[in-house]
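Shown next, in structure tokens, is the structure this report addresses.
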Amino acid sequence: TKRYGLILYNSEDRHGADEEADNFKQALETAGCDVIKLQWSVTSELRSMIDSSLTRIVGDCSLLIVAVMTHGYSGVFAGSDGSEIPIDDVLYQIEQRLRIEVPLVSS
């Protein structure tokens with residue numbers, strides 16, 4: 001089993017977002033995670049990236065750290081085009097794809 005990090009970031013109107021994502025990637029790698037770092041702009045793209053990433057790792061994942069970096073507001077991620085997705089929807093999507101043995105913890 002492996003430890004994974006999934007960094008999904010939107011750089012639209014977020015000065016320094018690329019560097020922030022790179023720094024977080026380096027920190028997760030230092031902690032022993034295999035890291036997937038992807039840039040997204042619209043929420044449909046975010047959903048697709050989550051699905052494709054989890055398809056690749058679900059078989060041997062024992063720990064998954066997910067960071068979604070973007071603008072938004074109370075409980076909602078916002079895409080560059082004004083699209084929105086509730087954070088709970090993203091958590092549910094991840095929960096449905098992970099094996100039952102991998103506990104889901106959120107904040």
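If you bin all the Cα-Cα distances of the stretch 22-80 at 5 Å, starting from zero, the percentages per bin are 4, 15, 26, 22, 20, 12, 2. Between residue 81 and residue 34, the modelled label-to-label distance comes to 3.2 nm, taking each label 7 Å out from Cα in the direction of the beta carbon. By a 1.4 Å probe calculation restricted to protein chains, residue 9 has an accessible surface near 20 Å², given to the nearest 10.
Taking all protein chains together and a probe of 1.4 Å, list 18, 60 from the most accessible to the least accessible. Walk me through the numbers on the way to the answer.
Working: 18 75, 60 50 Å².
Accessible-area ranking of 18, 60, largest first: 18, 60.
Multiplying the residue separation of residue 27 and residue 47 by 0.36 nm and removing their Cα-Cα distance gives an extension gain of 4.8 nm. Only Cα pairs under 8 Å and 6+ residues apart enter the sum, and on that basis the relative contact order of the chain stands at 33 percent. The Cα atoms of the chain define a convex hull whose projected area, averaged across directions, is 6.3 nm². Amide H contacts for residue 37 (H built 1.01 Å from N in the peptide plane; partners 5 or more residues away or on another chain; cut-off under 5 Å): 7.
Panel values: the stretch 3-47, Kirkwood radius from alpha carbon pairs, Stokes-Einstein at 25 °C and 0.890 mPa s, translational diffusion coefficient 223 µm²/s.
The values are calculated or read from the model by the stated rules, or taken from the named source; none is laboratory data. If you're wondering where the values come from, they're calculated on a predicted model, not measured in any experiment. Positions of Cβ are generated from backbone atoms using ideal geometry, with glycine treated the same way; all protein chains shown enter the neighbour counts. Surface accessibility is based on the protein's heavy atoms, side chains included, excluding ligands, DNA and RNA. Shrake-Rupley method; radii C 1.70, N 1.55, O 1.52, S 1.80 Å.
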